[in-house]
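Asks: My questions will all concern the structure given below.
Values quoted throughout were computed directly from the atomic coordinates according to the rules given, and no laboratory measurement underlies them. Owing to the predicted nature of the structure, the values given are computational and were not obtained by experimental measurement. Cβ atoms come from the backbone with ideal geometry, glycine included; neighbour counts cover every protein chain shown.
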Amino acid sequence: MTASSSRRSTSTNSSGVATEAFDQGSIEVRAAGRKGLGVFACRYFAEGSLILRFSGRPVGRADLPELTEWEREHLGEIDIGLYQVLPEPRCYVNHACSPNAVSTRDTLYAVREIRASEEISIDYRLNAYDDGDVWEMSCDCGAPDRPHTVVGDFFSMSAEQQARNVGVAPPFIQRLYRQRRGLD
Ligand SMILES: [Zn+2]
């Protein structure tokens, strides 16, 4: 258990965004077409509100060969060479290039209003870093219209997208961003 995931927080999450209490039954996992499973809202979420709080098992790079295939497919990056096995239902949140939610290492929260029955999506690039084993995937999220390739690296986004998203990226990405921009 990490310090951040064990800390009780009722008013703000780790990004300092105002939150509401997560209640059971407010989201559900169900089929999301070609993407397999997805996470859907069962009620309205206001912009900035908490959708889910979770705690994944941290694993280092040396631990990766010991993981099951399912665990390897559901990893989230925490830092360079440090990952977490994303628990259900967080692991079923699909990617969109223009998402309605953001995930920190232990919370999922809305970045715009989300209606009941809408699929909850996050941009996988926000917490992804090319450490020599970068992933690519075909994305059919509708933004832009045509299917397109998404590269699993925050720095694969345009400079404008990076500037717009760095504030909600994890601390290690923010650190790398400042270094690359010569701000540190
Ligand atoms: Zn896309």
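Asks: Long-range amide H contacts for Ile51: which residues qualify at under 5 Å (H placed 1.01 Å from N, peptide plane, sequence gap of 5 or more or a different chain)?
Replies: HN-HN under 5 Å from Ile51: Leu108, Tyr109, Ala110.
Asks: Over the Cα atoms of segment 3-180, what radius of gyration and what Dmax do you get, in Å?
Replies: In order Rg, Dmax, the Cα atoms of segment 3-180 give 15.6, 43 Å.
Asks: Turning to a different aspect of this structure: Which residues make up the longest stretch of the chain that has no trypsin sites (Lys or Arg not before Pro) in a DSSP loop with at most 11 other Cβ atoms within 10 Å?
Replies: Formally, the longest exposed-site-free interval is 9-114.
Asks: In segment 3-180, with Lys and Arg counted as +1 and Asp and Glu as -1 at Cβ, which of these residues, Ala96, Ser26, Gly81, has the Cα nearest the positive end of the dipole, that is, farthest along it?
Replies: With unit charges placed on the Cβ atoms, the residue in question is Ser26.
Asks: For segment 3-180, what's the relative contact order in percent, using C-alpha pairs closer than 8 Å and at least 6 residues apart?
Replies: 20
Asks: Right, another one. Can you list which of the GluC sites (Glu not before Pro) found in segment 108-184 are DSSP loop residues with at most 16 other C-beta atoms within 10 Å?
Replies: Glu113, Glu118
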